[in-house]
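Please treat every number below as a calculation from the coordinates, not as lab data. These figures come from a predicted structure and were not determined experimentally. We place every Cβ from the backbone using ideal geometry, glycine too, and count neighbours over all the protein chains shown.
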Amino acid sequence: MADKDIVILAIESSCDETAAAVVKNGREVLSNVISSQIALHTLYGGVVPEIASRKHIEKINQVIEEALSQAGVGLDDITAVGVTCGPGLVGALLVGVAEAKAISYARKLPLVGVHHIEGHISANYIENKDLEPPFLCLVVSGGHTHLVRVLDYGKYEILGRTRDDAAGEAFDKVARAIGLGYPGGPKIEAAAGNGNPDAISFPQAKVRDHPYDFSFSGVKSAVLNYINGCRMKNQDFVPEDIAASFQKAVVEVLTAHAMLAAQESGTRKLAIAGGVASNGALRGAMQAACKKRGIEFYHPSPILCTDNAAMIGTAAYYEYLAGTRHGWDLNAIPNLRLGERL
Ligand code: KG4
Ligand code: ZN
């Protein structure tokens, strides 16, 4: 490690993945370790917050040690500790925040709290070495659906957001309704591959006077009504057709709003981020729509779309360069807003 290298140890524990990574100079991922709790939460059909926190406590030291060892570094090589401090499940976040504080206190390292969505957006920098702000980013995760203008590193303007369910949440709820289980996104995508996207016409909601906002509760209810209708008529329904038609409705609305925002803001660069950004149909539709308009399209690899700590390391690096330092009073903030300074 050269003296001038900035090496971040990053920690992420906002939901159901315990993750740690080592990131050098912002965009070089030396390790990215993720311990997923998915198998555990599948038993309950969704994330159980108390179980998530307990599992984070069990795993976090092991995951950090693994991240350091895979990167071939020790704590002496680390410049600063970055950690997700919100938004997310408060008990889950607290595990990562307490751990990060303990390491930085013990090793006298600067502490940098990171917004989880800033992490998701920053995942785009890792594999796209030429990507620099300004650009537009569609953030689609289990808890958030935002159309964000990235004005500069750490500077965001939210153009649109969901009024109800997040896109990922809609995938999860529809998957549960058609019997696919948790986690819904990948299961819907797999089922949709064997279904007809034109079998059922599901609604694509618009929010009046807010063309960049989203609403997914309508499509979710339409799926539930469709299933109930079939049951009342004693008809079988085809889960694969529902999955494909639902996915099509969501993908089309996400793509249309993103294109409208790109066009009206005159952006030439568009990125996607968050767990739903690993969806092949969404990536394909965005890629095609961008190509048609001469917009450069960016997306992280699927493993960097879902929760991970490498993205937190990249975000922490730019925050570190901008002078962000947090004290021992850094807290877990479950409803932290993007761009809110602590
Ligand atoms: O970003 P993420 O890992 O965690 C949050 O910050 O919320 O996103 C998780 C969400 C879940 O709702 C999951 O169902 C969805 O991303 N997801 C997908 C896919 N993979 C994960 N949705 C659609 N297609 C996928 N392939
Ligand atoms: Zn996330």
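A few points about this structure:
- Against the conditions (1) of a type in the set (Lys, Arg); (2) over 20 Å from the mean Cα position of the chain (by Cα); (3) within 16 Å of ligand 2 (Cβ to nearest atom), Lys292 satisfies every one except (3).
- Filter result (polar (S, T, N, Q) and without any contact (Cβ under 8 Å) to a residue 60 or more places away in the chain) within region 142-200: Thr162, Asn194, Asn196
- Positions within region 284-309 being away from ligand 1 (no atom under 13 Å from the Cβ) and closer than 30 Å to Ala67 by Cα, in sequence order: Tyr298
- Every pair of residues 6+ apart whose Cβ atoms lie under 7 Å, when the first sits in region 102-129 and is more than 20 Å from Phe297 (Cβ to Cβ) and within 13 Å of ligand 1 (Cβ to nearest atom) while the second is of a type in the set (A, V, I, L, M, F, W, C) and in a loop (DSSP other than H, G, I, E, B): His115/Leu336; His115/Leu338; Glu118/Leu338
- Residue that is farthest from ligand 1 (Cβ to nearest atom) [pool: residues in region 145-173 that are in a loop (DSSP other than H, G, I, E, B) and farther than 24 Å from Thr324 by Cα]: Arg163
- Scanning region 302-325 for residues that are free of Cβ contacts under 8 Å to residues at least 24 places away in the same chain and assigned to a helix (DSSP H, G or I) gives no hits.
- Residue check, Gly160 in contact with a Ser or Thr (Cβ under 9 Å, 6 or more places away or on another chain), under 21 Å from Glu296 (Cβ atoms) and not acidic (Asp, Glu): yes
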